[in-house]
Amino acid sequence: MTDYHSEVFDLLEDTSRQYLEVDCGLGAFIPSLVQRKGHKKPIVINPANFEILRDMLVYARNLDINKWVNNRLEILIRRADIIMDPNVVDFINLPLQEAVGKYPRILGVANVVVDNFGPGYYHDNKESQPIATLERKLLRSNGILINGL
């Protein structure tokens, strides 16, 4: 998880928190969290088609480039499987703004929202609400927003 802010590591110990990650991609945070027993089911908001991502990774693995690449592809395939597993992750397959509008149940529920260089980094739609405003809507009153900015 070296690609995440160091503050994220400290938060993993608290099993009472509701975690939510925005545009997690195939990052390690959510898979690491669900491998720890006792945590609430994390919420992921991401518009990516993880089935296609997984299919592309499987195809690349079958090219059998070398052992290191194959091992890395296996890790990424497992991460995609975790994100898509409704038994372990509440996956909302929409862009952040649509998810906030369509699913009021996610408003004010998260103790921790993680945006690791996701929409806060690449978003440039001037007509919509700022990403940080949308992410704060997901937080409880004393929640923590961690972003890569």
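Extension gain for the segment Asn70 to Ala48, taken as residue separation times 0.36 nm less the Cα-Cα distance, is 5.7 nm to one decimal.
For Asp90, Asp115, Asp85, the sequence from fewest to most other C-beta atoms within 10 Å is Asp85, Asp90, Asp115. With contacts taken as Cα pairs under 8 Å at a separation of at least 6 residues, the range 6-147 carries a relative contact order of 29 percent.
When Ser32, Ser16 are sorted by how many other C-beta atoms sit within 10 angstrom of their C-beta, beginning with the fewest, the order is Ser16, Ser32.
What is the local net charge at Ile43, summed over the other residues whose Cβ is closer than 11 Å to its Cβ (Lys, Arg +1; Asp, Glu -1)?
For residues surrounding Ile43, the net value is +1.
Per-peptide packing, taken as the mean over residues of other Cβ atoms within 10 Å, places 68-77, 44-53 in the sequence 44-53, 68-77 from highest down.
None of the figures in this text is laboratory data; all of them are computed from the coordinates on show. Worth saying up front: this structure is predicted, and the values here are computed from it rather than measured. For neighbour counting, all protein chains shown are included, and Cβ atoms are generated from backbone atoms with ideal geometry for every residue, glycine included.
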